[in-house]
Ligand code: DAH
């Protein structure tokens, strides 16, 4: 079986239980093993998946957490082994908010070894840094690109298509909010708890302790709710997350946020539910197949905000939300289908990049219960694409507090967030996320004229796939690892603080977009010394040319030196 090991990392028992609670409602299969590597314990397939089965709720997760921490109260090094391509592996491969519950200890990572500049300038504004600063120069240089505003760029075209489904004057568009926001805007205003893992320096780019590069466009929700300038809004913007290196993750990507608000004080007779249903009635219909098996809310899994919303109000808002987003997905995928059909026609029967089934089969979508700090109930929308369910957005009924703090306790409504690259990759069949940043005319010229005439949209024709160059780097972390039994005073600071995202960042910085992906291929703890060794495999592949061996070696040399200098590892 093709499996994938996900390192949850060093977490304590409470966090592990929290993580299990968060993921449990989403799936029951796909996780084949949960291992506590610190204690050498492994739980096999059937036990692991049973413990995540919602039908075993309450008892089993606690059971497994207890079993994984026999007699010790401390932290443990947890890994999940998941089946490749399974729902759980796909969810874990993405970076929505809840995934952060897995990622690491929040706000505990050590400052970078490398020194940082005193001030940085971003989009014309100067910021003073402090030891929280962790933005690489590569990422800083991308803050001015604004692909979502670049005429005929696939990200901008995708934004336009989304906008077309949410027309003014009900919806106002905000496309140029600055990506530098406060921790308050990004987290606190949305109700993220102070110890939420998403706040960790290992996951988020900080300018200083109170200022960061937004991790999502939701950072502007509270502000726009407060302004109350329209019944709804759409925001698009670049967002930043420290993450793995592979063909679908890049430290900068683009999101769109949408929201719709109603006010009991202004709807006829104060009947918000009736007003929402009337608006729903005015929305167009579609003929997609929609699966929506879960109830409108669920007291444990997906609660109604019962103190603030009646079940009728929440149901009406949810229905309006769901129809609106179904229409959006329908629009996007119908355009993708039309593009594929046009391309197939133009090729006159010769091989095309799309299959006949894709061009003819009806679109299927489904609603799945979810959880976000700023909505309840919450959902994700999934689309059946190339034989698999693919999550495309998160959404829900906005938390009352967001409106109440924004001086509108009589208001309620919905919000959603969608990643644009993900959608653009499907829409244009773009195989590698790095391509979006390419200035190569062979890429950009393929989308010319599409923004003003969407009927000209066609699948991207890859210009070439150049050969991969794999290079491994093996090293020891500094100090003994607590994992190796070297626990106690002074044990393994560097090993305990290790986070894979730090390495990803160094690799990106040293070799730029010539790195296609980076994978941990081996890891062990020396039984005698307790030192931790890791081996990463880096795939160097340019999107624009064939790399020579000498070029790959030179780049790998640069990467290796940077790892030693910036992370203090000892190369083996
Ligand atoms: N901000 C979330 C993310 O980045 C996505 C999201 C979920 C946005 C639910 C929303 C929402 O507005 O209601 O993963």
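Separation of the stretch 264-331 from the stretch 496-572 is 48 Å, based on Cα centroids.
Shape call for the stretch 224-373 from the C-alpha gyration tensor, a ≥ b ≥ c root eigenvalues: rounded (a/c under 1.5), prolate (a/b greater than b/c) or oblate?
Details: a/c = 2.06, a/b = 1.64, b/c = 1.26.
It is prolate, given that a/c is not under 1.5 and a/b is the larger ratio.
Taking packing as the residue-averaged number of other Cβ atoms within 10 angstrom, the listed peptides 425-435, 556-566, 248-258, 121-131 run from highest to lowest as 248-258, 425-435, 556-566, 121-131. Using the Cα gyration tensor of the stretch 346-455, with a ≥ b ≥ c the square roots of its eigenvalues, what is the shape: rounded (a/c below 1.5), prolate (a/b larger than b/c) or oblate (neither)? Here the stretch 346-455 falls in the prolate category. From most to least packed by mean Cβ count within 10 Å, the peptides 413-422, 460-469, 311-320, 537-546 give 413-422, 311-320, 537-546, 460-469. For the stretch 465-571, the convex hull spanned by the alpha carbon atoms encloses 85 Å³ per residue.
Of the peptides 399-412, 149-162, the ranking by mean beta-carbon count within 10 Å, highest at the top, reads 149-162, 399-412. The stretch 122-179 and the stretch 405-436 have Cα centres spaced 12 Å apart.
Read the figures in this text as sums done on the coordinates, not as results from a lab. Keep in mind it's a predicted model, so treat the numbers as computed, not measured. Cβ atoms come from the backbone with ideal geometry, glycine included; neighbour counts cover every protein chain shown.
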